[in-house]
Amino acid sequence: MSTLGSPIARQAAGGGGVITLHHSPASAHSASVRIVLAEKQLDCALHELDLARSEQHRPAFLAVNPTGMVPVLEDGGHRLTQVFFILPT
Ligand SMILES: N[C@@H](CCC(=O)N[C@@H](CS)C(=O)NCC(=O)O)C(=O)O
């Protein structure tokens, strides 16, 4: 695990703070994060993108993740854009 740790692990430990998941129902990577959030019964704001309509390539989302990929987990001022770093180990 990175020295920052996973926001999901911190939330599960009662660390609080609002986390937001940018995701798509059509994304397997997004699904793996949603499953872990549901398993741990964590509160998380959800922002759904329609990949078929290329919402991930619109400026508003490119400002969140310039690669135009989901999922992205926002935690305060931090954004994690790789499932490997989002999921707790
Ligand atoms: N390396 C990324 C991969 C994420 C990824 O491949 N996301 C796909 C959906 S599963 C995506 O956003 N595709 C949109 C596109 O290519 O325009 C991660 O680990 O999260």
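If you stretched the chain out fully between ALA45 and HIS57, how much longer would it get, using 0.36 nm times the residue separation minus the C-alpha to C-alpha distance?
Working it through step by step, the gained length comes to 2.2 nm.
Along the three principal axes, how long is segment 7-86 when you take its alpha carbons, biggest first, rounded to the nearest angstrom?
36, 24, 20
Rank GLY14, LEU51, LEU87 by how far each Cα sits towards the positive end of the charge dipole of the chain (+1 on Lys, Arg Cβ; -1 on Asp, Glu Cβ) and give me just the farthest.
Sorting the options by dipole projection puts first LEU87.
Any idea how far apart ALA31 and ARG10 come out in nm if each label point goes 7 Å out from Cα toward Cβ?
2.9 nm
The numbers here are math on the coordinates, done by the rules we state, and not lab data. This is a predicted model, so every value here is computed, not measured. In this analysis, Cβ positions are derived from the backbone assuming ideal geometry, glycine residues included, and neighbour counts consider all displayed protein chains.
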